[in-house]
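In what follows, a structure is listed as structure tokens, so that the remarks can point back to it.
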Amino acid sequence: MIDKKKYVEKNSMLVKEFDRYILEHPEFADKIPDNALIVMQLEGDEEFNTWARESAQKVAERDTPIVYVTITELKPVRSRIEKLKLELVA
């Protein structure tokens, strides 16, 4: 059974990462047609990919270009905190 909530959360995370990528590589965005529906795909996760493609087909308007963006490598999430202070109140 498809865990829709899990896939929605994964899709949101991938979209955030894609947005960051586009900010760092604006030339990539030039390849995407205006008003395109972006469908995130994750290499090696066929269940998620199928869910994302089927979801996109359901919401795509007629004549809307659909662009599949496949993430082939994703680095582990790291904290951006440089320094941290901990205060224990007893």
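The values are calculated or read from the model by the stated rules, or taken from the named source; none is laboratory data. Computed from a predicted structure; not experimentally measured. Note that we place each Cβ from the backbone using ideal geometry, even for glycine, and neighbour counts take in every protein chain shown. Ligands, DNA and RNA are stripped out before the accessible areas are found, and what is left, the full protein with its side chains, is counted by its heavy atoms. Shrake-Rupley method; radii C 1.70, N 1.55, O 1.52, S 1.80 Å.
Label-to-label distance, residue 34 versus residue 3, with points set 7 angstrom from Cα along the beta-carbon direction: 4.1 nm. Taking θ as phi - 60° and the Karplus parameters 6.51, -1.76 and 1.60, the scalar couplings of the stretch 70-76 work out to 9, 8, 9, 8, 10, 6, x Hz in sequence order, x denoting glycine and proline. Between residue 23 and residue 82, the contour length at 0.36 nm per residue exceeds the Cα-Cα span by 19.0 nm.
Using only Cα atoms, what is the ratio of the radius of gyration of the stretch 20-90 to 2.2 N^0.38 Å?
Numbers: Rg = 18.4 Å, N = 71, 2.2 N^0.38 = 11.1 Å.
That ratio works out to 1.66.
For residue 34, the shell of other residues with beta-carbons less than 14 Å away shows a net charge of -2, using +1 for Lys and Arg and -1 for Asp and Glu. Per residue, the chain exposes an accessible area of 90 Å² to a 1.4 Å probe, with every protein chain left in place. Rounding to the nearest 10 and keeping the result within 0 to 90°, find how far the Cα-based axis of helix 46-59 lies from the longest principal axis of the chain. Around 60 degrees separate the two axes. Straight-line reach from residue 16: taking Cα to Cα under 20 Å and skipping same-chain neighbours fewer than 8 places apart, the lysines in range are 4, 5, 6, 31, 75.
Taking only DSSP H segments of four or more residues, each worth -39500 (n - 2.57), what value at 222 nm results for the chain once the sum is divided by all its residues, to the nearest 500 deg cm²/dmol? Write down the numbers at each step before the final one.
Working: 3 runs with 39 residues, N = 90.
Estimated from H runs of four or more residues: -13500 deg cm²/dmol.
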